[in-house]
Structures are given as C-alpha cells and as structure tokens.
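The values are calculated or read from the model by the stated rules, or taken from the named source; none is laboratory data. Keep in mind the model is a prediction, meaning the values are calculated, not measured. FYI the Cβ positions are ideal-geometry reconstructions off the backbone, even for glycines, and counts take in every protein chain you see.
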Amino acid sequence: MVEGIGIVLLKLAFVLLFVLNFGGLLTWVERKQSALMQDRIGANRASIFGIRLIGLFHTIADAVKMFTKESFRPVAAEKFLFTIGPGISVFFALVGFAVIPFGDVLIIGGKEINLQLAPLNIGVLYLFAVAGMAVYGVVLGAWASKNNFALLGGLRASAQMISYEVALGVTIIGSLMIYQTVELQEIVRWQGGTLWGWLPKWGVLMQPVGFILFLTVGIAQSKRVPFDAPEGESEIIGYFLEYSGMGFGMYMLTDFVETVMISAITVTLFLGGWQVPYLMADGFHFPWGATWQLENWAVALLQVGSFTLKVMFFLWLQMTIRWTLPRFRYDQIMRLGWKYILPISLVNILITGLIITLLK
Amino acid sequence: MPKITIDSTEIEVEKGTTVIQAAEQIGIDIPRYCYHPGLSIVGVCRICLVEIERMPKLQVACYTPVADGMVVHTNNEKVQQARRAVLEFLLINHPLDCPVCDQAGECWLQNFYMQHGLYDSKMVEDKVKKQKALPIGPNVMLDSERCILCTRCVRFCDEITETHELGIFNRGDHTELLPYPGQELDNKYSGNTIDICPVGALTDKDFRFRTRVWYLTETPSVCPGCSTGCNINVHHNDHRPYKAGGIRVSRLKPRYNPDVNQWWMCDEGRYGFTQVDADSRIVAPQKKTRGDWQLLSWQDAIDEIATKIKGILKKHGADAFGVILSPQMTNEGLFAAKRFFQETLEVENIDFEVVAREKGYADDFLMKADKNPNSEGAKKIGLSAVDNSGLEVAQMLADAKDNRLKALYICHHNLEKGFKKEEVKEALSKVDLVIFQGTNQNSTSNLANYCLPSASFVEKDGTFTNFAGRVQEIHKAVEPLGESKPDWTIFRNLSKRLGKSMPYFEAGDVFNALAEEVDAFKGLSYEKIGEHGVLLNGHRASTEKEMGALVA
Amino acid sequence: MNIHDKYKPLTFWEKLYLPAIISGLWLTSMHFFRNLTLHILRALRLRKTADGAVTIQYPEFLRPLFPRLRTMHRLTKRDDGTPRCVACMMCETVCPAKCIYIIADEKLENPEIEKMPESFDIDLGLCIFCGYCVEACPVDAIRMDTGILEISNLTRKGMVLDMETMLNLEPMQDRYVKYTKEGEIVSQEYLKQDLSK
Ligand code: SF4
Ligand code: SF4
Ligand code: SF4
Ligand code: SF4
C-alpha cells in the first residue's frame, strides 16, 4: 500500500516536472525561436554573475518578477472569483496529464509499473471533460474583473473554446472508431503494430485528415496565435486585462501548459504515443527480420524518450505556426470552426465508417 | 452726387469723398499707411497710389476727391508695380527686426509686403543707423529705424491732443521722428500713437516683449475706467499661461465706436486693467475669525451669511441693515442686488454713491471725473438713497457709529476714497456683520467679517450704462479667477438660500428682466444692444457738433 | 462597386489554405534552421562573424548616426557666450507639441540685441523631434545636432531642458557616418562604446 502510494507520488512528480518544466521553458523557446525565425538574437540580458546562458535566466527573471509584482485587484472586482479564476484555469490545464501514458510498463523488482498516472478506462472522455472545464477559468476571471473589455475578451474566449470543443470531439471520432477504445494506454498500444509488415500503424497514417483537423482545433483551444482573438494582447486586449503579478502569470502559464497538453494528446492519439517503430516489449523486431534484444528498463527508457521527443517536435511546430501565421478575425474563427472543420470531420467519420464496414 | 467707377463697380458717393473712402464703401481695401480716418490727410506714404483714367500719372487715393465719371483702377499691373516700388523704398533702411519687433504679426509693413511686395531686395549698401529702443515717454518706446515717417503720430499729437510733442527732423534718408528737444510724449492719450503707428516704431512699454500678438485672443468689451465707457477690445492670452508671470489680460485696445470714443481711449483706462490679475484679487469666499482670514466654500459662505442676515433682520429689523452698492457693478449686478435687498430682504437703506474726496481728472475729450462706468445705470435702476427713502452712505456710517446699524453689505467700494480712514474704521468696527463683495482687497475689505469674490469686468458678461445713457455690453474674455462669480450670481444664490429664487441663468436673463421692470430700460433687450450699444429711453445721441470736439 | 470585385477570386488550391500555410511555415523554419546552425557554429568557434542575426548589441555597440538625424536640442551662442536666441518665439509658435516655453527679457543696455530669452525650456517629454523649431529659427539659435538620443529621466520635471543646459551642449562629432566626396559612405562599422566612461 505504502509502496503503491510512493510509486504514484513518484509518477506524479515526474509528470508535474515534465509539464511545468516544458511550460516554463516554452517562455524561453518562444523568445529565442521567434528571434531565430526573424533573424534576431532574442532576449539575452538577464545574467547571474555575468553568465547569460543564452537567455535562459530570463525564465527565472520572469518568475521572480511575477511573484514579486503587486497583484492588483480592481475595487469593483468580484473578490473570490477574481482570485480563483487563474487557479481554475491552470488546474484544469494540468489535470489532463493524469491520463496521458508516457511509457508502457516498467518492471522494477518484479513489480509492474504502468507508466501512466491514472489508467482510466474513459481516458479520452476525461480529457474532453477537463478541456471543457478550462473555459470556466477564463470566463470567471474575465467576468469577475468587472471590466467591460475583459468581459468582452472572456466572451470571445468562451465562444471560441466552446465552438471548438464540439469540433474537438468530432475530429477524433474517426480515430476512436479505428482504435475501438477510449483508454489512452490501449490506444497507444494499438498503434504499436505495423501495416503490411513495415509501416507503423500510427494514427496519423490511419487518419490523416483527422490529424490535421485535430491539430488545428487543438491550437485553437490553447488560444494562441493565430487563434488569439480572446487575448489580442497588443490590440484588442483580452480577458486577463485586470490581472497583474501572479494572476497574470498563471493565465500565461495556462497557455503554455495547454500547448504542451495539445502536443501530448496529439502524440498519444496520432503519433503512437511512446511507441518507437519496431520496438516491442523485448526489443527491436525490424521488418527485415533482424532483432535486437533489450532489457525492460532500456525499452522503457526508449519509450519515455520517444514520447518526449515527439512532444518536443509538436511544441516546435506550434511555435513555428504561432510565429508564422497572422491572427484570424473573430468571424473567420467562427466560420472555420462551424462551417469547415465540423462538416469535414463529419464526412471523415462517414468515410471511416464506410471503409471499416467494407473491410470487415 | 458724383458717380464713379472703381474696379468696374459703379458707386454714387457724397461730394468731397476721397477715392479711398469711396472704395471702402464698396469693400475695396486700398493699402495705406499715413491715411487715418480720424486724422487730417497728408498723402505722404504713397502706398495708396491708384490709376485714374485720363490722368497722366498715378494718384494717391487718400487725397483725391471723387469727381463725376471718374474711372479708378486699384489693382492693375501699373498700380501693383507702384506699390512694390513704394514698399521697396520704405524698406531700404528698414532694419531686419521682425523677430524682436513687438509689432510683428500686426505690422502693416509685413502684411503689405506679403500682399503686394514679394520682390527680391536689391539693396547692397549699408543701412542707415538710427536710434533704437528709445523711451520717449512714460508709455511709449520709439525705434527710429522702424519708422516709415507716415506722420500719423505727429498729427495725432497736433490735432487730437493738441499737445504737439512729436516732430520730424533732419533730411533725406536721415529723416527721423523724434519728440521736440526737451519734450516727452507724456499726454493723457499717448497710448493711441502706438495703436495708429502702422509699424513697430512706437511700441508699448507695458506690453513690450510680454508675449507675441498672435498668441492673443480678442474679446470686445467696454472700459470700466470712467463714465465715458470707451469701447475696447480685451487682448488676452489663453493658451500660453507661462508668459509674463501668468497674467491673463495682456493689453486693452480701443474699439471703434462712432458715438462714444471713435478710435481712441485714454492711457488711464488703457493701463488700468492690472487689478484683474493682481495679487490683491479675492479668489475665494473668506471669513475673519479672530483677526485671521479663513477660506470658505461658497456653500458654507452662503449658508453662514444667510443665517446671520436672517438673525439680524429678525432681531433688529430692516432699518438696522445698510447696503452700499457700487457703480462699478454691471446693470445686471445692480438689478439682482435691488431685487435681493428690496424684495427678498425688504431693506430700504440702499445707496451706491460714495463721492470721492479727490476729484478725478476730467477733460473735454474722453476722460470724465466720475471714474465709475455705471453711475448712470445705478441711478436709472433706482438705487440712490433718495429713490428708496433710505439712508445715504454718509448717514449709514454715522448710524453705524451710533450703534444703530447692525449689518452692512458693501460692494466693491473702498470707503476711504470718500471718507476719512478713522471714520470708516470706527464705524465699521461697531457693525456686527460687515460683508464685503468685490474683486480686489482694499482697506474696506480688510474691515469686513466676510469677503465674497466677484468676477472682474473681463470675466463676465453684462452691460454698463455710460454718462450719456448708452447701454453697452461687456463680454467674458477669461474665466473668473479662482472661485469668483459675477455679482448677479452671488445675489441670486443668496436670494435662493433666503427663500426667493430668481430665474436667471445668464446675464441676458437679468438684463431682460431689468428691461421689463425699469422704465428707462423699457423696450431694450440684451440681444438688441449690438456692438455700439443703444441709448436708454429719454436720451439722445450726441450731435455732430458735440462729437466735433472728438474729431478736432 | 462591391469591394470584393477588386480582388481576384481565390482558386480552389488557394482556398484550401493549407499549401499557403505550409509554404509560410517552410520559409520561417528555413530561417530558423539556418540561423540556428550559424549560431551553433559560432558557439563552437567554427565561424567568426555572427551572421545569424541583424541585431546590434546596444549599448556596447552603437549605430553610426547620419548627420541630418534630429537629436537632442542645443542653443547656439554668440561670441560673448550669450545665447544667439532673440526670443522671437517662432519656434514656440511652430512647435506642434507646444513643448517650448520661452519668457523674453528686455536688454536695454544693448539696443542692438534688445530682446533675449530670460528662460527657455523644452519639455522633451512632449517633444516629437520634428525639427520644426530648427527650421523656424531666423537666427540659427537652436539646433538638433547633439547626437544625444538616450533621453530618459525618473521625473517629468527632469525631462525639461533649461537654457543653461542647452547652451552648454556641443554638436556631436564622432558618431556620424562619414562620406567620401562622391557621397559614398566610408565608415559604417559599429562603434564600440567605451563603457568605462
Ligand atoms: S515694423 Fe514691421 S517690418 Fe519692421 S521690424 Fe517691426 S514687424 Fe518687422
Ligand atoms: S512713429 Fe509710427 S506713426 Fe509715427 S511717423 Fe513713424 S511710422 Fe508713422
Ligand atoms: S523638435 Fe518639434 S516638437 Fe520638438 S521642440 Fe522642436 S518643434 Fe517642438
Ligand atoms: S530659438 Fe530661434 S526661433 Fe526660437 S525664440 Fe530663439 S531666435 Fe526665435
């Protein structure tokens, strides 16, 4: 029992470290990557004892600033809701990771440890439920600020998030029809096999249209450029207008955590999660017949590493998209969600269903 | 009457009219320097040259009387060329002083150069040097280099004031305007030479370098300096408050009124506006507690004063209440006061006249001995002691000395001007409640229990009635200083607090009510007054002969 | 006219958006990878120059200034050290930001000058550096050639330049771009600032 709790705590610590570090690092990545893309150098002035470490200390400087800055609350604000708004936002962004599998099973001393925090058999549904709650943090914070601009930002945010939540569910139904399960660990395992003996059975190959749609909707859910109409920090000011200090910091963090979240889900659903091509529980089985036996820990390590790498790739991709595309107008966002993505995913479901039936 | 054609417009004018005047009648502006409608005609500047058909040479428009069938061209190539040439001559020795010249912006040399000159200078010789920045009188500074020798100022001193201080000396390009040796330009109207000087040769010592003329805003008004009521323009600095230590009114200039002052005004009135921005201005209601002045809000001041007035009226009756109004107040202020004291408080001891012990300077031109702008108005509204069968000011003070007067409401007056200092002091010290209402502190305000700030003549709208019974408007040029308010507003507010409201929202409302109630004003209305004023009933306009004294 | 008529309708390919998005992503990621490689090479000392970015590392490196650049104001002096300015208030009048405040003084002892500024303040917090004041001055009394661009202060009052300060400023010499006679730029390296000063 104690052992079990210990293991869960360890896994929890790992996941939290994983997510929060990525979230924090993303502030640095955002600055540096945008700089490289635009032929600039990027933030590099924060230093400790003259050591600058290519601007990494800016992350720390940010944190120090956020913590020490006055958390200002407008007089008219709804005190309680204003305070918990950012908390709700971060919380629902974080709890999603509970069901993301980051490896298969690790065997230590004869004990099988499932490398997933909470092996829920309704994993995907849980994820959507949690994602659906995220909008509350935004809308509550916006409304509680008692500022019309913040409220308008909140309304834009809720309209966008709720619209895209519908699409989010529909885009992956095609995949779920193939996987025949909603448990995420099972979904990843399903993607372990190969097609025609050599092509990994990753979701992106089975459901290319679903993949693109899901990625689009996912980015929209994280409210970042090009879907940042709710914030529009430099022009239309958004829902966290009245927040300063840590409150603002938490909303920022939410965005970054959601970015990691979207990457993780995309990887899990479409890129085979922790799967490494041709890696089985006992080692590699290459399509040309060769094998390479590996210990269980090595396999687990490879899997976790593979998962991490894939997540990092999607983080990079999202950053690139964020610094390449201009913002959609509000009506364009709505049109894209309701008039393009939703019908296309419905058609996708139909075609997938047809193919499955025909193949039976 | 001769019929002439000017620039293809035909016009019929009086015999003896000059071409420049005829052109003016149809709105054609012929440039001029030496010609001034108020002075004799000399035709020395030559800028007004026009072409008259069948005359061999160009003619000066200011000196040529019209003749039947004349055809005049005021703006053809020949005329323009002549003007350019005249300007070029005028500017040969003119210094490049515009940056430091106070006239810049209202200078006729600048204006006509821009309109008619615009040639490239051919002068290579050195310019003739003359005296610069020479004070020639208490108010006037002369810069001989800038003078274009139009002789307007000389003619003014010869014909209008007949004091003959100025003359033209030397010959050729050394000709110079100067005061006669041993003389100063020191007459009561010397400021007018600055106005009529078309260039920056004569500048105003008082205004010099304070600001620039293009920063100023102009508001028509009436001089409050004496009962003539010369028409003036108030030039005030609205947008550059840091200039000249923050004074808002920069200068007063006479405004043409054919029936009152024509083009002129006296120096006393011209420089008499200093009290408007003086440190002695009362800027907030105040009361004296144990010898110290303490600031009050209007709300508190009105409340306290109303309570005290009520108490005294109840205890001692209206006979123990004296009111000294002032002919410095506008008709509106006086009328509101009349209604407040007579109708709201039912007080009878109302007077306005404090005869000055020192007789003011007067002459047969503009200046009058009565240094108040509205004595006639106060009389006509019926505010002298005789009209009300109440006490005169002198009697009020006497009564006060004998402890019979318990409250005294004094507006604007400095009683020391009419009575001995000790007398005033003794009398006022025996009165329980002395309220002073005025623009500036004086020795009387220092003896009061309450001081109420009223707006000065540049800070409010209203009307004055001059000695001849002409009602003329003043206009608000600047915002009232501090908390000060127009007199009629103060009386309206007090009256409301004491139970009787007056439905007045602006000065015009008060005047129209006044016109309805007071016989002399019957038939007038605020809207009808216009820029030159209107006469009260029973007054007639000055005859030509009487005005003749003005034109000399 | 319908506003849409002005534009060519999108083809089906363009309407898909995805190709355009991908080509955009391609462009930006090429910059990313190229610059990343260059930076890494430089960090490994395999390359000397930092081509990966166009950034100038201010304040260690300063950009050369062009001679016509408008920088902080100064007032020129007569030979005797008094201001050339005659307080004509042309600059004050023309200033679109209304940030020049001149109070004139009478100098009767020298009637050749007559008028001089008693105080002459410019509020740099309001100034928009349009240079109109320099254009308007009839006596070349005000110039904007000090080369001082680093203008900051902790108080609003501190942003106000007074006459004393402006009279003591010198024209800037060595941060200008130098030209040959033919008008070609001779030296335009970034100047290394001596930070010890
Ligand atoms: S008189 Fe007129 S033209 Fe002459 S210096 Fe003065 S402003 Fe200039
Ligand atoms: S001082 Fe003025 S008014 Fe007198 S002559 Fe000269 S220019 Fe004419
Ligand atoms: S540069 Fe322009 S804004 Fe600045 S002081 Fe001069 S005129 Fe005014
Ligand atoms: S700086 Fe030049 S333009 Fe400005 S007041 Fe002085 S002289 Fe006139």
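Yes/no per residue for (1) surrounded by fewer than 10 Cβ atoms within 10 Å (Cβ to Cβ); (2) modelled with pLDDT of 85 or more; (3) facing chain A (nearest Cβ under 10 Å):
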residue	(1), (2), (3)
C:LEU16	no, no, no
C:LEU41	no, yes, no
C:ASP51	no, no, yes
C:PRO59	yes, no, no
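Any residue at all in the range B:381-392 that is surrounded by fewer than 21 Cβ atoms within 10 Å (Cβ to Cβ), within 13 Å of B:GLY322 (Cβ to Cβ) and of a type in the set (Asp, Glu)? Taking every residue of the range B:381-392 in turn, at least one turns out to be surrounded by fewer than 21 Cβ atoms within 10 Å (Cβ to Cβ), within 13 Å of B:GLY322 (Cβ to Cβ) and of a type in the set (Asp, Glu).
When B:GLY137 is tested against (1) at pLDDT below 95; (2) more than 14 Å from every other protein chain (Cβ to nearest Cβ); (3) within 14 Å of ligand 1 (Cβ to nearest atom); (4) assigned to a loop (DSSP other than H, G, I, E, B), just one condition goes unmet, and that condition is (3).
Which of the following residues is over 22 Å from the mean Cα position of the chain (by Cα) and away from chain B (no Cβ under 14 Å): C:GLU118, C:GLU135, C:GLU112, C:GLU164? Matching residue, one of C:GLU118, C:GLU135, C:GLU112, C:GLU164: C:GLU164.
So that you can scan it fast, the table gives a plain yes or no per residue for (1) within 14 Å of chain C (Cβ to nearest Cβ); (2) part of a helix (DSSP H, G or I); (3) within 19 Å of C:GLU112 (Cβ to Cβ); (4) free of Cβ contacts under 8 Å to residues at least 12 places away in the same chain:
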position	(1), (2), (3), (4)
B:LYS130	yes, no, yes, no
B:LEU149	no, no, no, no
B:GLU159	no, yes, no, no
B:THR163	no, no, no, no
B:LEU177	no, no, no, no
B:LYS188	no, no, no, no
B:PHE207	yes, no, no, no
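One residue stands out among those in the range B:412-435 that are outside any loop (DSSP other than H, G, I, E, B) and in contact with a Leu (Cβ under 6 Å, 6 or more places away or on another chain): the one that is surrounded by the most Cβ atoms within 10 Å (Cβ to Cβ), which is B:VAL434. Please work out which residue is surrounded by the most Cβ atoms within 10 Å (Cβ to Cβ), limiting yourself to the range C:103-156 and to residues that are part of a loop (DSSP other than H, G, I, E, B) and within 16 Å of ligand 1 (Cβ to nearest atom). Out of the qualifying residues, it is C:ILE113. Within the range B:47-55, does at least one residue satisfy the condition of being within 16 Å of ligand 1 (Cβ to nearest atom), under 30 Å from B:MET141 (Cβ atoms) and surrounded by fewer than 19 Cβ atoms within 10 Å (Cβ to Cβ)? No, the range B:47-55 contains no residue that is within 16 Å of ligand 1 (Cβ to nearest atom), under 30 Å from B:MET141 (Cβ atoms) and surrounded by fewer than 19 Cβ atoms within 10 Å (Cβ to Cβ). When the criteria are applied in full, B:SER144 fails the requirement of being touching a Leu at 6+ places or on another chain (Cβ under 8 Å), away from ligand 2 (no atom under 12 Å from the Cβ) and modelled with pLDDT under 95. For the range B:117-135, the criterion of being in contact with a Pro (Cβ under 8 Å, 6 or more places away or on another chain), within 16 Å of ligand 2 (Cβ to nearest atom) and at positive phi is met by at least one residue.
When you scan the range A:30-52, do you find a residue that is under 26 Å from A:LEU271 (Cβ atoms) and within 16 Å of the chain's Cα centre (by Cα), even just one? Scanning the range A:30-52, I find at least one residue that is under 26 Å from A:LEU271 (Cβ atoms) and within 16 Å of the chain's Cα centre (by Cα), so the answer is yes.
Considering only the range B:81-127, state which residues are part of a helix (DSSP H, G or I) and away from ligand 1 (no atom under 11 Å from the Cβ). Don't jump to the end; show me each part of the working.
Here is the first cut: in the range B:81-127, the ones part of a helix (DSSP H, G or I) are B:81-90, B:98-100, B:108-117.
Residues satisfying the conditions are B:GLN81, B:ALA82, B:ARG83, B:ARG84, B:ALA85, B:VAL86, B:GLU88, B:PHE89, B:GLN115, B:HIS116.
Looking at the range B:33-48, is at least one residue touching a helix residue (DSSP H, G or I) at 6+ places or on another chain (Cβ under 9 Å) and more than 16 Å from ligand 2 (Cβ to nearest atom)? No. For the range B:316-348, a residue qualifies if it is in contact (Cβ under 8 Å) with a residue 24 or more places away in the chain and part of a loop (DSSP other than H, G, I, E, B), and the qualifying residues are B:LEU325, B:SER326, B:PRO327, B:GLN328, B:MET329, B:THR330, B:LEU345, B:GLU346, B:VAL347, B:GLU348. Condition first: outside any loop (DSSP other than H, G, I, E, B), of a type outside the set (D, E, K, R) and either in contact (Cβ under 8 Å) with a residue 60 or more places away in the chain or in contact with a His (Cβ under 7 Å, 6 or more places away or on another chain) (or both). Can you find one or more residues in the range B:6-19 that meet it? Looking through the range B:6-19, at least one residue is outside any loop (DSSP other than H, G, I, E, B), of a type outside the set (D, E, K, R) and either in contact (Cβ under 8 Å) with a residue 60 or more places away in the chain or in contact with a His (Cβ under 7 Å, 6 or more places away or on another chain) (or both).
Just one of A:GLN293, A:GLN221 is under 19 Å from A:ILE162 (Cβ atoms) and at pLDDT below 90; which is it?
A:GLN221
Please work out if B:LYS500 is more than 18 Å from B:GLY377 (Cβ to Cβ), at pLDDT below 90 and in contact with a Ser or Thr (Cβ under 7 Å, 6 or more places away or on another chain). When the stated conditions are applied, B:LYS500 passes them.
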